[in-house]
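First up is the structure itself, then whatever we jot down about it.
The values are calculated or read from the model by the stated rules, or taken from the named source; none is laboratory data. Because the structure is a prediction, the values reported are computed rather than measured. Don't worry about glycine lacking a Cβ; one is built from the backbone with ideal geometry, like all the others, and counts go over all protein chains shown.
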Amino acid sequence: MYTITVNANSRASSGDRYVHILSLADARASYQLPISSPPIFRTIRGALPGGRRLVHPLTIMIEYDDEEVVVSEPRFHMHASAPTEAEALIAFRRILSGYLDSLTRREKTLGPPLWDQLNYLRSLITSE
């Protein structure tokens, strides 16, 4: 059995994103558990690449993972990542628009899950 003791008065350095745990069952064993921030939910609207735009606001999830930011839409988990939030949002808009193109090109051969994604994207995106 392992015992884990956490000192509530200890503070990690601002640059350390891990909790360090020393196992008392084996004093030589040390573990690092990542400290992750809770996801942030935001709404995006407006222009997309290729002369397109979102028909209505889209709720997205933003997560900070080590040295990258991941932006995703929760329904079909389409996502993009980049070093900064601004870059990840730009990449996400580009991927969303590009994925519509990709699915449209293969429309006749899509199975039900991808067909659902195509219909979802068509309901979400329009040409300006």
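Report yes if some residue within the range 37-52 is modelled with pLDDT under 95 and of a type in the set (S, T, N, Q); otherwise report no.
Yes - at least one qualifying residue is present in the range 37-52.
So, Leu114, is that one surrounded by fewer than 17 Cβ atoms within 10 Å (Cβ to Cβ), in contact with a helix residue (DSSP H, G or I) (Cβ under 7 Å, 6 or more places away or on another chain) and of a type in the set (A, V, I, L, M) or not?
Criteria met by Leu114.
Which residue pairs have Cβ atoms closer than 7 Å, lie 6 or more positions apart in sequence or on different chains, and pair a first residue in the range 109-124 that is at positive phi and modelled with pLDDT of 95 or more with a second residue that is assigned to a helix (DSSP H, G or I) and exposed (fewer than 15 other Cβ atoms within 10 Å of the Cβ)?
Between residues of the range 109-124 that are at positive phi and modelled with pLDDT of 95 or more and residues that are assigned to a helix (DSSP H, G or I) and exposed (fewer than 15 other Cβ atoms within 10 Å of the Cβ), there is no close pair.
Could you tell me whether the range 62-85 includes any residue that is in contact with a Ser or Thr (Cβ under 6 Å, 6 or more places away or on another chain) and either in contact (Cβ under 8 Å) with a residue 40 or more places away in the chain or not in a strand (DSSP E or B) (or both)?
No - not one qualifying residue is present in the range 62-85.
Could you tell me how many of the residues in the range 66-113 are within 19 Å of Ile125 (Cα to Cα) and not aliphatic (A, V, I, L, M)?
The qualifying residues number 20.
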